[in-house]
Every structure is written in C-alpha cells, then in structure tokens.
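Visitor: Handing you a structure now.
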Amino acid sequence: MLLFIAETVYCQTFTVSGTVIDGGNKMFLTGANVYLQENLNGASSDVDGFYSFKEKSGTYTLVCLFMGYDTVRQKIVLNKDLQVNFKLKEAAVAVEGVEIKVQREDKNVRSTQVGTIELPIKQIEKIPVMFGEKDIIKTIQLLPGIQAGGEGNNAFYVRGGGADQNLILIDGATVYNPSHAAGFFSVFNADVINSAEIIKGGMPPEYGGRMSSVLNITTLDGDMDSYKAKAGIGLLSSHAQVEGPIQRGKSSFNIAARRTYADVILRPFVNGSSMLKGLQCYFYDINGKLAFRLSENDNITASFYHGKDVFNFNSDLQTFSCNMNWQNTLGVIRWNHIFNKRLYLDVSANVTNYQLNVGGYEQAYNMTYSSAVTDYTGKADLTYSPDTNNAVKFGVSYTHHVFSPTALQVASGSTQFNTGDPQYYYARDIIGYVQHDLHVTPWLEVLYGLRYNYFAQTGPFTRYVIDNVFNMENVDSTYYKKGETVKAYNLFEPRINIRFQLAADKSIKASYTLNRQCLNLAALMDISLPTDIWLPSTDLLTPQLCHQFSTGYFQNFKDNTIETSFEVYYKKMKYMLDVNPDANIISIFQTNLDYGFISGTGQSYGMELFVNKTAGKFTGWVAYTLSWTTRNFDEIMNGETFYARYDRRHDVSIMLNYELNDKWDFSTVWVFSSGNAATIPNAFYIINGNMYIEYGEHNAWRMPDYHRLDISATWKIFDTKHLAGDLNFSVYNVYNRKNPYIVSYTVDRSSDSNIIKVKAYQISLFPVLPSVSFNMQFK
C-alpha cells in the first residue's frame with residue numbers, strides 16, 4: 001500500500017497556467033512559448049495571452065520565450081496548480097559585433113500542425129514591396145504551396161485551390177474581398193496586426209467553410225499604460241496609428257487609418273485636354289479596437305474595420321462617366337473567461353458586409369450594377385485540459401447569410417434591360433465541432449476531431465423552372481416564403497493529424513482532412529476584381545468537397561534557429577464550379593443566377609521545401625514548390641482533363657534580411673514561377689467574307705515564365721526616448737523584367753483580299769519602380 005500511495009503521489013499532475021503580456025504597454029502577446037526547461041513540455045499563448053498545460057509534480061525551471069523580448073526563467077515547485085503570469089520586456093538592441101543567441105522552442109517539430117506557418121509582424125515589415133506599402137498577403141505569396149494571382153495581384157491560390165477557397169479572418173470575422181485598388185494592395189494595415197498564421201493542410205476541426213486554407217489575422221490591443229503613435233508618408237499613401245489607455249491598467253484603445261492619394265498628386269500635372277482630367281482614384285481604411293480587462297479571468301474586446309475604394313471618371317464634356325465603388329465593413333465583440341486552470345471559454349459575435357456599386361454612361365447607353373453579401377455570426381468555443389496528455393476543444397456557431405449577387409440595369413435608347421429588384425439568397429449556417437489533442441506516448445501525438453455543418457438555403461426565394469440553359473425560356477416557378485427551407489445539407493468533416501517524434505529536433509507528420517464549402521465565388525474574369533459574385537449552395541449547387549492527404553519531414557538545426565520542412569500533398573476535389581460558357585447570360589440575370597454554373601472535379605498534388613532562418617543578423621527563407629493541378633468538366637473539352645489556369649510547375653521564392661548595425665538593415669526578395677496556362681486561338685477562317693476564330697485546347701498554352709527582384713534598405717535616422725524615425729528605400733523589379741500581365745492578339749485583314757495577319761503582343765504592368773517612405777514613432 002505504501003508503494004501504491006507513493007506511486008500515486010509521484011504520478012499526480014498539476015496545471016501551470018497564466019497570461020503573457022508586454023511589460024511596457026500591457027498588451028497580450030500571442031504565440032509566446034511557455035515550457036519546462038527539463039522536458040520541453042509546455043504551451044503557446046493564445047490571442048488573449050493565455051497559456052495552460054499539465055505536468056507531474058516536481059521541481060522545474062519554467063521558461064517564457066517570445067521573439068524580440070528578453071527570455072524569462074523561473075524556478076517553480078509543482079505540488080499544486082500554479083498561476084504564473086509573465087510581463088516581458090523588449091530585448092535590448094545588440095551591441096555591434098556581439099551576437100546574442102536565443103534558443104527557441106522547436107514548436108514546428110513538436111506540434112501536430114502540418115502545412116502551418118506563423119509570420120512574425122516584424123519580419124513582414126522588413127520585406128520589400130511595391131510602393132513601400134507593407135502587405136501581409138504579398139508576404140504569404142512568398143511561402144511554399146501558395147501562388148500569387150499575377151503581377152500586383154492580391155489573389156492567392158493554395159495547393160491547387162481557387163481564390164474563393166481561402167478562409168480569411170480578422171479577429172474571427174470573415175473578409176470576403178481582401179483587396180484594395182483591384183488587388184494591388186490588401187485591406188490589412190500592418191500597423192495593427194498582432195499575429196498572422198496560414199494553414200495550408202491539416203486544418204483542425206475548429207476551422208472550416210473553405211477547402212484550401214485559413215489565413216487567421218489578429219489585431220493589436222492598445223497600450224494600457226501610456227499613449228503612443230505612429231505615422232508614415234510614402235509616394236502613394238500615408239498612414240497613422242494612435243493607441244493608449246482609457247483607464248490605466250484596465251482598458252485601452254487602438255485606432256489606425258490609411259489613405260492613398262494618386263489622384264491628388266496627379267491633379268496639378270493634368271491640363272485641360274488631358275484624358276486624366278476628371279479622374280478620382282483612391283482608397284482609405286480605418287481600424288479600431290477597444291480592450292477591457294475586467295479581472296484576471298475576464299477580458300472583453302471590440303474590433304471595427306471599414307475600408308472603401310473609389311474609382312470615378314467623369315469626362316469634361318459630360319459624354320462619358322464610369323463610377324466603381326466597393327467597401328468592406330466588419331465589427332467583432334469578444335469575451336473570454338477563465339473558469340479555472342482546466343477550462344477556458346471564448347464567446348464572440350460579429351457582423352461583416354461587402355458591397356459593390358458600379359455605374360456608368362456614354363452617349364448611347366447607361367448602366368448600373370450592384371452586388372453585396374452580409375453575415376451575422378455568433379460563436380462560442382470551450383477548451384478543456386483535464387491532464388498533461390489531453391486537451392479537448394469544442395464549439396458551436398450560427399451564421400445568417402444574406403447574398404445579393406447582382407442587380408443590373410442597362411438602357412440604350414428605347415431598349416431597356418432591368419433585372420428588377422436585387423436577387424437575394426438567404427442561408428442558415430450552423431456549425432458544431434469537437435477536437436482532441438492526445439499525447440499517446442512521448443513520441444506519438446494525435447489531434448483528431450469531427451466538424452458538423454448544417455447548411456440550408458431559405459426563403460423568401462423564387463425558383464424558376466426552365467427548359468435548358470441555352471434559351472432559358474421560363475416554364476414555371478415555385479415560391480418559398482420567409483424562413484422556409486429550399487434545400488438543406490448535413491455535412492460531416494473528419495480530421496486527423498499525427499506526429500511521430502524521431503528525436504528532439506526532428507519529426508514526421510501526417511494528416512487527412514475532409515473539407516466542405518457551401519459558399520461559391522463566380523469569377524467573371526481571370527484577374528481578381530471586385531465584380532466577382534458570391535453565391536451560397538442551393539438546390540442546384542452542391543457544396544464543394546475536398547479530400548486532402550499530406551505528410552512531411554521536419555527538422556531544426558543550430559539550437560532551433562534554422563527550421564526546415566519537406567512536405568508532399570494530394571488533393572481530390574468534387575463539385576467545383578465554373579461559369580457555363582453556353583448559358584444565356586441575359587436570361588440568367590432575369591431568373592436564377594445558379595443556372596449559369598457547371599460542376600466538375602479537380603485534383604492537385606505536389607511537394608514543398610522550406611528552409612527558414614529565424615535568428616541572428618542574417619535571417620530569411622528559401623521556398624520551393626513543385627506541383628500539378630488539373631480540372632475536369634463535362635462541358636469543357638468533352639470532359640477531358642485539362643490544366644487549371646494557375647497550374648504552375650515550379651515556384652521559387654527567396655527572402656533575405658541582413659541587419660548591418662543598429663542604423664541600417666537590408667532586405668531582398670527574388671521570385672520565379674512557371675507561366676500560367678492559357679487558351680489561345682488555333683486558327684482563323686474566312687467564310688462568306690466573315691472571319692471566325694477557332695481556339696485550341698483549353699489552357700494548353702503557357703505564358704512566359706515570371707521572375708522579379710526587389711530590394712529594400714531602412715535607415716534608422718534617430719531613436720530617442722520619446723521619438724524614433726526611419727527612412728525606407730525600396731526598388732520593385734530591379735532589373736526591369738517585363739513580366740506578362742495579359743497576352744492579346746491583333747488581326748489585320750486586307751480590305752481587298754482574304755489575307756489576314758495575326759500578331760500576339762504582351763502587356764506588362766510594372767517596370768522598375770523605386771519608392772521612398774518616411775515613418776515616425778511617438779513613444
């Protein structure tokens with residue numbers, strides 16, 4: 001009995017928990033590593049700075065580590081549940097010639113996460129970008145398995161998926177259009193980003209609704225102790241940010257704003273006869289956040305974002321006008337509560353809205369067009385950690401979707417076309433999930449779970465019954481009253497991630513995920529424009545489905561300061577949507593838009609290599625992707641397999657940063673990718689005096705390869721107790737590569753013969769572009 005009692009006492013486990021905050025501004029630190037030095041058991045802090053883990057009784061050294069801050073070590077005696085809160089201090093600048101070594105936790109090796117990369121905001125700020133505007137989406141396009149949509153484009157494609165298959169979140173709210181200026185800038189202001197994480201594979205059950213990836217971005221709480229501000233001015237845009245306490249130590253605010261002014265700069269140089277007279281082109285956005293610390297166990301935050309793009313052109317003679325405006329608006333309220341050392345609750349409610357309005361007239365016609373989507377969401381997540389080897393998380397959410405895909409009016413003389421009142425699609429979206437993180441043995445960890453999705457299209461809705469999509473003659477209609485179910489889907493999505501620990505610095509991971517997607521983006525063009533239309537799954541549109549298998553080998557070197565990974569993946573997709581090339585577009589606009597789509601299958605497979613150096617004066621990464629992506633649609637090429645437009649055989653990106661001293665640091669980016677697939681004319685015929693074009697196989701031609709070099713240098717001009725300033729110089733496309741944006745064709749036909757001359761020409765957007773920006777920080 002004495003032996004049994006002794007063994008029981010020895011095996012007894014206790015909880016170590018607490019919060020990690022910035023000791024200066026009292027803001028929560030997300031992603032701080034808290035662990036025991038003796039066995040590396042521990043946890044990372046969440047978006048509220050909270051961490052919790054279990055360990056057997058004993059004496060340990062508790063370590064708290066976060067990049068850019070001094071590491072804290074504290075002796076603890078674990079004979080009861082402990083609450084240890086950390087207030088970290090920013091690390092002092094290293095003296096020139098002295099290298100400071102920091103041992104990082106090997107999280108990328110020991111976690112079960114596959115295809116997941118965290119991006120520190122300080123690293124994002126150093127990457128050279130176009131016009132000097134720091135951009136989180138331009139940064140993730142440099143990672144393996146992620147492809148850019150094109151020159152200056154913010155659309156991104158993950159492991160063969162479409163642009164609409166990425167779940168983009170800011171403080172838990174969905175962003176439907178993440179782009180400003182038709183894709184040249186993103187909606188995310190780097191001044192307010194706290195953390196950014198991209199999940200390409202092994203998506204845990206808490207995330208869903210998209211088939212390819214999750215981009216999860218959280219914003220910064222304001223400083224609870226002192227007032228601070230930032231401001232910057234560049235060639236095309238300016239930005240400002242202010243934060244500080246509302247009640248010291250208990251509440252804070254954080255407000256940031258940006259605006260471009262290309263139209264203002266051009267105005268003095270535009271004379272009366274210039275075509276640019278009458279042009280108004282800019283965007284602005286504003287972020288706001290309030291944080292309230294009610295007690296050690298309760299926190300409330302309220303976030304807000306609004307951004308708008310304006311493109312207006314009105315000719316002096318009142319003969320031509322074009323007006324295009326689009327905007328994103330969202331608001332989030334979150335409350336988190338710590339019941340005890342084992343139980344943690346997070347509750348949130350959010351509203352998100354995206355809308356587009358287009359109008360224009362010319363002497364012969366006028367046109368108006370609008371589109372919108374609105375979500376109302378409530379969500380609750382509960383995390384329970386009963387012991388060292390188990391962590392269970394489960395949650396529920398409800399979203400009410402309102403889609404207004406389009407309202408179109410066109411008039412030309414006496415001819416009128418009007419779709420009438422906007423078509424509305426309504427949907428209920430109910431989610432429930434459970435996931436279990438289980439440490440089976442010291443070398444085996446499994447994260448598994450199940451996600452359930454009840455998705456229903458509801459009324460009011462009128463379903464028009466037609467004969468076929470070619471002439472779209474209306475045969476009959478059925479009306480569904482408000483709240484009545486048109487079509488419901490019960491969807492189950494199992495997920496599992498497994499980690500085999502080979503040694504302290506190396507592991508093998510594998511994952512399987514089944515994802516369903518009930519929201520669809522109808523891309524009207526090959527480039528990402530705000531005219532794209534969102535539609536829910538209906539009785540005609542089955543939710544998309546994706547099986548993804550991935551596995552990888554992960555190893556760290558030099559005290560975990562160099563991270564490497566090699567991953568392979570395979571994706572099989574069903575019920576993918578594309579616009580029906582044979583449908584009668586006019587009739588579709590007058591009946592139901594979902595008649596204008598076709599359904600098909602797709603697959604993607606490939607390998608990814610990633611080497612990332614995270615510490616020292618010289619940092620950066622090398623990423624390489626080898627991949628294949630294909631599609632099958634019965635209505636295209638008679639069902640034969642063809643390459644997707646963004647199928648690229650090779651993608652390479654190199655990002656390097658060097659801190660020369662405490663005044664200068666330099667960065668460079670070089671990217672290479674195989675050309676996009678495209679469909680081109682195969683032959684031209686003249687029949688009875690009329691010319692006809694015959695196109696070749698779908699996406700069988702390749703555009704020229706894409707490559708580009710960018711460089712950047714930052715000069716820290718001054719840094720005093722209350723004020724700091726730096727000057728950034730950057731050059732985009734250093735060697736002036738003329739990368740293809742569009743390849744088009746001109747056809748010259750002799751007026752007196754049937755001889756035609758066809759010439760292909762390439763349109764390139766950006767030559768070499770130098771830029772400069774000045775930034776100040778008020779401490």
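The values are calculated or read from the model by the stated rules, or taken from the named source; none is laboratory data. All values derive from a computational prediction rather than experimental measurement. Here the Cβ positions follow ideal geometry from the backbone for every residue, glycine too, while neighbour counts run over all protein chains shown. Just the protein is used for accessible areas: all its heavy atoms, side chains included, with ligands, DNA and RNA removed. Shrake-Rupley method; radii C 1.70, N 1.55, O 1.52, S 1.80 Å.
Visitor: Using the beta-carbon distance between residue 672 and residue 294 and R0 = 51 Å, what value does 1/(1 + (r/R0)^6) give for FRET efficiency, to the nearest 0.05?
Guide: E between residue 672 and residue 294, to the nearest 0.05, is 0.50.
Visitor: Over the chain, what percent of the accessible surface lies on carbon and sulfur atoms, probe 1.4 Å? Don't jump to the answer; show the numbers that get you there.
Guide: Values: 20520 of 34660 Å².
Its accessible area is 59 percent carbon and sulfur atoms.
Visitor: What whole-number value in Å² describes the accessible area per residue of the stretch 2-92 for a 1.4 Å probe?
Guide: Here the per-residue accessible area is 47 Å².
Visitor: In vacuo Debye scattering of the stretch 2-92, one point per C-alpha: log10 I(q)/I(0) at q = 0.22, 0.24 Å⁻¹?
Guide: -1.02, -1.17
Visitor: Next question. How large is the charge dipole for the chain, taken about the Cα centre, if only the Cβ atoms of Lys, Arg (+1) and Asp, Glu (-1) carry charge, to the nearest 20 debye?
Guide: It comes to approximately 1320 debye.
Visitor: Tell me, what is the 1.4 Å probe accessible area of residue 398, in Å² to the nearest 10?
Guide: 100
Visitor: Would you mind putting 505-515, 666-676 in packing order, based on average other-beta-carbon counts within 10 Å, highest first?
Guide: Sorting 505-515, 666-676 by mean packing, highest first, produces 505-515, 666-676.
Visitor: To continue, here is another question. Please arrange 342, 631 by accessible surface area, largest first, computed with a 1.4 Å probe and ligands excluded.
Guide: Sorted descending by solvent-accessible area, the residues read 342, 631.
Visitor: Sort 29, 235 by accessible area with a 1.4 Å probe, largest first.
Guide: I get 235, 29, largest accessible area first.
Visitor: Using a 1.4 Å probe and ignoring any ligands, DNA or RNA, find the accessible area of residue 242 and quote it in Å² to the nearest 10.
Guide: Rounded to the nearest 10, that gives 70 Å².
Visitor: Let's see if you can work this out: charge +1 on each Lys and Arg Cβ, -1 on each Asp and Glu Cβ, no other charges. What is the dipole magnitude of the stretch 110-215 about its Cα centre, in debye to the nearest 20? Don't jump to the answer; show the numbers that get you there.
Guide: On the way: 8 positive and 10 negative charges, 63 e Å.
I would put it at about 300 debye.
Visitor: Need the C-alpha centroid separation for the stretch 144-164 versus the stretch 641-717, integer Å.
Guide: Value for the Cα centre distance between the two parts: 11 Å.
Visitor: Now, a different point. Using every Cα-Cα pair within the stretch 110-215, state what percent have a distance larger than 17 Å.
Guide: Summing the P(r) of the stretch 110-215 above 17 Å gives 51 percent of all pairs.
Visitor: Moving to a separate point now. What is the antiparallel percent of DSSP beta bridges lying wholly in the stretch 136-274, to the nearest 5?
Guide: Bridges in the stretch 136-274 are about 85 percent antiparallel.
Visitor: Ok, one more. Report the antiparallel proportion of the DSSP beta bridges in the chain as a percent, rounded to a multiple of 5.
Guide: For the chain, the DSSP antiparallel bridge percentage is about 95.
Visitor: Do the alpha carbons of any pairs in 134/716; 56/200; 54/250; 87/228; 230/613 sit beyond 27 Å of each other, and which pairs?
Guide: 56/200; 54/250; 230/613
Visitor: Quick check: the angle from helix 2-11's long axis to the longest principal axis of the chain, C-alpha only, nearest 10 degrees?
Guide: Between helix and principal axis, roughly 40 degrees.
Visitor: Could you provide, to the nearest whole Å², the per residue accessible area of the stretch 284-383 with probe 1.4 Å?
Guide: 45
Visitor: Still on this structure, please answer the following. Per residue, how much accessible surface does the stretch 674-739 expose to a 1.4 Å probe? Answer in Å², no decimals.
Guide: Numbers: 3710 Å² over 66 residues.
Per-residue value: 56 Å².
Visitor: Also, I was wondering about something else. Report relative contact order for the chain in percent, whole number only (criteria: Cα-Cα under 8 Å, sequence separation at least 6).
Guide: 10
Visitor: Might you work out the accessible area of residue 476 for me, using a 1.4 Å probe with all protein chains in place, and round it to the nearest 10 Å²?
Guide: 90
Visitor: Can you tell me the order of 633-646, 349-362, 137-150 when each peptide is scored by its average per-residue count of other Cβ atoms within 10 angstrom, highest first? Working shown, then result.
Guide: Values: 633-646: 16.3, 349-362: 17.8, 137-150: 23.7.
Output ranking for 633-646, 349-362, 137-150: 137-150, 349-362, 633-646.
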